[in-house]
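The values are calculated or read from the model by the stated rules, or taken from the named source; none is laboratory data. All figures in this text were calculated on a predicted structure; none of them were measured in a lab. Here the Cβ positions follow ideal geometry from the backbone for every residue, glycine too, while neighbour counts run over all protein chains shown. These accessible areas exclude ligands, DNA and RNA; they are computed on the full protein's heavy atoms, side chains included. Shrake-Rupley method; radii C 1.70, N 1.55, O 1.52, S 1.80 Å.
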Amino acid sequence: MSTDLRPGFHAERDPDRPAAINGTTGEVLSYGELEDRSARLAGVLRAHGLRAGDHVAMLVDNQPEALVVAWGIFRAGCYLTPVNWHLGADEAAYIVEDCGARVLITTARLRDLAEAVSARLSGVELRLAFDGPVDGFASYGDAVAAATPIDPADEVEGSYMFYSSGTTGRPKGVKPAFTGAPYGTGGAFDLLIGALFGFDDSTVYLCPAPLYHAAPLGWSMAGQRKGATIVVMERFDAEQVLALVERHRVTHAQFVPTHFVRMLKLPPEARTRYDLSSLRMVVHAAAPCPVPVKREMIEWLGPIVHEYYSGSEGVGFCTIGSEEWLAHPGSVGRAVLGVAHIVGEDGEELPPGETGQVWFETPSRFEYHNDPEKTAGAWDHRGWSTLGDIGHLDADGFLYLTDRVSHMIISGGVNIYPRETEDVLVVHPSVGDAAVIGVPDDEMGESVLAVVEPAPGVVPGPELEAELIAHCRANLSAFKCPRRIDFVVELPRLPTGKIRKGELRKQYGSWSGTVTAMGEGEA
């Protein structure tokens with residue numbers, strides 16, 4: 001097995017083999033094209049004066065060229081910051097400016113946003129756009145075509161600098177230490193993806209989530225280091241997932257629990273219409289998965305459902321397969337990178353079975369860019385780091401997550417973790433999606449509010465509210481159940497599946513408690 005983790009290694013052996021496929025259009029990017037164009041883009045960056053350790057931002061939607069851009073930035077040894085194209089112009093410009101990008105690369109498919117972002121920037125020296133003209137941007141295609149490919153002797157491994165999702169506040173860049181390793185060395189996860197998840201040059205990997213997030217981009221690029229073909233979905237659609245698996249004989253796919261819920265709620269005839277026999281592994285992460293949902297996915301697809309728990313910070317990595325999970329339902333697995341610890345409010349480590357904050361003992365270091373206070377809060381005196389999650393370890397070392405510290409509700413002095421209530425609500429047939437938050441309560445300090453997106457065709461109202469509260473009370477302790485439910489057309493959920501709870505808390509912070517008709521009173 002080769003230790004050369006360059007996509008170019010595979011281009012040299014089979015330049016016509018697909019490196020990426022657009023799941024919507026069928027457009028194919030070959031390994032030869034990926035190698036040539038990314039080398040030329042790296043040459044553009046070098047010619048502009050960028051050196052290893054400089055920063056480049058990418059505002060590109062889900063399409064194969066996004067991977068060319070990412071590899072060009074990596075080959076030049078630069079920090080790559082993908083920008084969420086669902087953000088507003090002010091939010092996106094903040095990330096480009098905050099990361100210190102010297103170059104911004106975009107696409108005419110995002111012309112309106114790109115032009116609005118560009119008008120708010122001051123420190124970006126070079127702006128390039130493809131797919132057509134964008135005001136204020138030079139032609140990416142012309143620059144790449146005219147460029148001299150980067151000298152292989154000048155190639156250095158770049159690094160991601162992802163920004164937090166902003167579910168609890170303004171996004172912060174997660175900046176790993178710069179290694180300066182030779183291009184083709186890869187990182188710890190690039191080595192794990194073969195050993196743990198079976199990626200090789202026969203892999204066809206389906207990416208249904210936005211490439212501006214850590215897992216979709218990181219797994220896609222790690223797969224290409226191994227010679228995999230990446231099928232990129234422009235946007236998630238539950239039935240299209242099944243069609244693409246059949247059409248491209250997909251072997252590996254990665255989802256978030258929200259994707260699972262929507263796939264399971266497809267009509268039975270849709271779920272049985274497609275040949276899914278090529279699937280060797282289905283992976284999920286990014287948010288906790290309700291136990292009934294995961295159990296049903298395993299019953300549907302077989303024991304090929306794997307889960308991992310990690311974060312953009314890269315301080316720990318837990319994983320669990322189907323058989324282990326069935327023996328430890330609800331667990332996110334055992335640590336394979338770093339050592340997991342559970343710490344109490346006094347800072348002391350807790351024994352198995354006791355709930356506290358999850359910390360990892362890890363050799364890798366990171367900082368939150370331009371935020372020394374947040375960086376300091378992520379590390380303790382022992383050099384352990386936390387992602388801010390609450391959970392416990394069992395006697396066998398399996399980790400179970402309860403919720404995030406920032407999501408906790410304190411009602412009458414009792415700690416309530418919303419995830420448990422959300423897991424109960426989301427499996428009800430009348431619920432399309434649900435989020436649980438604490439809202440001000442004169443007597444209890446906070447009370448539990450559920451914000452529910454009804455399933456298609458379901459009419460919300462007092463009767464449904466009563467039914468859902470009764471459903472919760474039949475499955476949970478009374479203090480964990482919502483006292484009120486509000487119905488909305490659509491929850492403010494990120495494409496990764498994470499709910500923007502900061503937005504919900506802001507919206508309902510002074511809520512009167514009157515259940516609204518669906519869509520009324522929404523900010």
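Summary of computed values
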{"quantity": "Restricting the range 122-156 to residues that are part of a helix (DSSP H, G or I) and not small (G, A, S), the residue that is surrounded by the fewest Cβ atoms within 10 Å (Cβ to Cβ)", "calculated": "D142"}
{"quantity": "Which listed residue is over 30 Å from R225 (Cα atoms) and in contact (Cβ under 8 Å) with a residue 40 or more places away in the chain, from L59, L128, L113", "calculated": "L113"}
{"quantity": "Options E91, E97: the member that is open to solvent by 40 Å² or more (accessible area, probe 1.4 Å), in a helix (DSSP H, G or I) and closer than 25 Å to G53 by Cβ", "calculated": "E97"}
{"quantity": "Options L29, L80, L50: the member that is surrounded by 21 or more Cβ atoms within 10 Å (Cβ to Cβ), free of Cβ contacts under 8 Å to residues at least 60 places away in the same chain and part of a strand (DSSP E or B)", "calculated": "L29"}
{"quantity": "Options E313, E234, E296, E307: the member that is of a type in the set (D, E), closer than 30 Å to V358 by Cα, modelled with pLDDT of 95 or more and open to solvent by 20 Å² or more (accessible area, probe 1.4 Å)", "calculated": "E296"}
{"quantity": "The range 237-257, residues that are under 23 Å from P303 (Cα atoms), open to solvent by 30 Å² or more (accessible area, probe 1.4 Å) and part of a loop (DSSP other than H, G, I, E, B)", "calculated": "R249"}
{"quantity": "All helices (runs of 4 or more DSSP H) inside the range 364-483 with 2 or more residues being on the phi < 0 side of the Ramachandran plot, open to solvent by 50 Å² or more (accessible area, probe 1.4 Å) and at pLDDT below 95", "calculated": "372-377, 462-475"}
